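**Q** Have a look at this one.
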Amino acid sequence: MLGKMKAGAVSLALKAFIGDRFGEYGEIEELKVDLEAARLTLRALLRGERQSVTVSVEHYELQQEGADVYIVLRGFSSSREWLTLLLTKLFRDKRYKIPAAAAKLLK
């Protein structure tokens, strides 16, 4: 029960975070976090599209360096082959610093 509540809180926070940064490209309709599998899945309606797309971060890792916490996105899949290729090219295996509070929720 606690795990589902935690995953729900992370989903809401990530939806707001991603919406703030990428909202000009479309709207996130749903975002799910699987804390045990370290996996994120979202469904979004991109501008100019008539149908939603689904995107998954197949695996993420958290890395700590001193007080700083980083997330590394290890693999992607999506309902559009071109989108999977683009996400992989731009974001795979790159480190992104995340707030300590967010890192605690993702663990």
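Since every read-out is calculated from the coordinates, none of them should be taken as a lab result. The model shown is predicted, which means the values in this text are computed figures rather than measured ones. Neighbour counts run over all protein chains shown; Cβ positions are idealised from the backbone, glycine included.
**Q** Please compute P(r) over all alpha-carbon pairs of region 1-104, binned at 10 Å starting from zero, and give each bin as a whole-number percent.
**A** Histogram of Cα-Cα distances, whole percents per bin: 14, 46, 33, 6, 0.
**Q** Does anyone have the angle between helix 81-91 and the longest principal axis of the chain? Alpha-carbon axes, 0 to 90°, nearest 10?
**A** The angle comes out near 40 degrees.
**Q** Using Cα atoms only, what is the angle between the long axis of helix 2-22 and the major principal axis of the chain, expressed in degrees (0 to 90) to the nearest 10?
**A** 50 degrees
**Q** Would you work out the relative contact order for the chain, in percent, from Cα pairs under 8 angstrom that are 6 or more residues apart?
**A** Relative CO of the chain lands at 19 percent.
**Q** Filter the GluC sites (Glu not before Pro) in region 1-74 to those in DSSP coil with at most 13 other Cβ atoms within 10 Å of their Cβ, and list the result.
**A** Glu36, Glu49
**Q** Only helical DSSP H runs with n ≥ 4 go in: add -39500 (n - 2.57) per run for the chain, normalise by residue count and round the 222 nm mean residue ellipticity to 500 deg cm²/dmol.
**A** One gets -11500 deg cm²/dmol as the mean residue ellipticity at 222 nm.
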